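Heads up: the structure comes next, in structure tokens.
The values are calculated or read from the model by the stated rules, or taken from the named source; none is laboratory data. Everything numeric here is computed off the predicted structure, so don't read it as measured data. In this analysis, Cβ positions are derived from the backbone assuming ideal geometry, glycine residues included, and neighbour counts consider all displayed protein chains.
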């Protein structure tokens, strides 16, 4: 099999720094983790919060700490640092080659999607952002790694896309319609969803938007690990 | 402008775990850093070393520590942990949007390449691996971010490719020949160099091989940040 991950991100309109932080890291016992945080508000302050949260989680995962414990630790750190006045969403999606599962750890009221073959679940859980109290716990889902699995997570910029102009985005329906295409690549799915959101925001995103798509498929081609990054810069 | 990064990695033949670790992280003041370490020997022990080194560097960079200081700190950590008996190579390639430069920090006897327009430099520096003593310092190069810049770094599996069968790889010549192509993408360059190395090793790499290509070009298309990851798994 092979795991494919694609990420697409845009900043809030006219804001140079995204309050969303997303990093992908290798796990010490094999596999990798995607860590996504969206700090409260936007711009520099939000960026500092989301970077603090993501780096706390990455550091703990690198030491072999379980995802759920890492999420709780990040929440407690944020609570302590900001006295409960600043929140952040947090998603961790881990491909754990030890258990052969994908583990989704969510402290994010925004939904996330799990597709397996014909079945598409749009998961709307009672998951709370981190940093607001001492009892915050993540919602954790564990799914076997098998060909055809697709997982989509995103920040609330996607959820609120189009609301300003009275045309809210139905992300789940967009995702389902995309999946009806012939075996779309994760990049195609991520670009489609982000493109829809930006279009509904009339080309001026009202918030930072990040979307991550993970897909498991049968091995195609060689056994080379690959990564690509594209960073547009204003210069 | 836009920055494009591509990475390609293979394991030593018949070894399931790579001793090379490569991670890409966002910098707190804008831009990103690629951190690549190759721990001594191969397999699990080497992986633990290279992960320790890379995570030390990532943690420090996230706090705003300069690349050179982060490399020295990682060397001291490794020296202290392993009593000077285990070495690792370390490369940090940072796109610093504060200074608008690419900073290459190298503790790696393997060469690296810098191409600007027609000029291609194959840099063979007196750079030593980390962890062997208290006076280890990196070799640092700083280059303005401008369209046409291409930087290539790799681990010594590439340098030693083909030696076993008496046909060592001339990586610099391969790179130059590749650049004569019509504006090759970073992924095409990385795949070409890795493919050459694996071919010279007769399909059975004698060591872990990692190659990273960074390219700066004029902005093409939208302002979306993107990342893709491909992870082949044995299952």
| task | May I ask you to list the residues in the range B:13-41 that are more than 9 Å from every other protein chain (Cβ to nearest Cβ) and more than 30 Å from residue A:44 (Cβ to Cβ)? | result | B:13, B:14, B:15, B:19, B:20, B:37, B:38, B:39, B:40, B:41
| Residues in the range B:178-192: is at least one at the interface with another protein chain (Cβ under 10 Å from one of its Cβ atoms), at pLDDT 95 or above and touching a helix residue (DSSP H, G or I) at 6+ places or on another chain (Cβ under 8 Å)? | no
| How many of the residues in the range A:79-109 are within 14 Å of the chain's Cα centre (by Cα) and either surrounded by 22 or more Cβ atoms within 10 Å (Cβ to Cβ) or in a helix (DSSP H, G or I) (or both)? | 14
| task | Please state which of the following conditions residue B:44 fails to meet, knowing it meets all the rest: (1) surrounded by 17 or more Cβ atoms within 10 Å (Cβ to Cβ); (2) more than 7 Å from every other protein chain (Cβ to nearest Cβ). | result | (1)
| Are any residues in the range B:47-62 touching a residue at least 24 places away in the same chain (Cβ under 8 Å), over 30 Å from residue A:43 (Cα atoms) and within 11 Å of chain A (Cβ to nearest Cβ), and if so, which ones? | B:47, B:50, B:51, B:52
| note | Checked B:130, B:171 against criteria (at pLDDT 95 or above, surrounded by 14 or more Cβ atoms within 10 Å (Cβ to Cβ), touching a helix residue (DSSP H, G or I) at 6+ places or on another chain (Cβ under 8 Å) and under 24 Å from residue B:89 (Cα atoms)); the one match is B:130
| Flag for residue B:178 being free of Cβ contacts under 8 Å to residues at least 60 places away in the same chain and crowded, with 16+ Cβ neighbours inside 10 Å | yes
| said: It is to be established whether one or more residues within the range A:212-225 are at the interface with chain B (Cβ under 9 Å from one of its Cβ atoms), under 23 Å from residue A:23 (Cβ atoms) and over 20 Å from the mean Cα position of the chain (by Cα). | reply: yes
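If you check A:204, A:164, which single one turns out to be within 14 Å of chain B (Cβ to nearest Cβ) and surrounded by fewer than 17 Cβ atoms within 10 Å (Cβ to Cβ)? Break it down into steps so the answer makes sense when it comes.
Details: A:164 fails: within 14 Å of chain B (Cβ to nearest Cβ).
None of the others qualify; the one that does is A:204.
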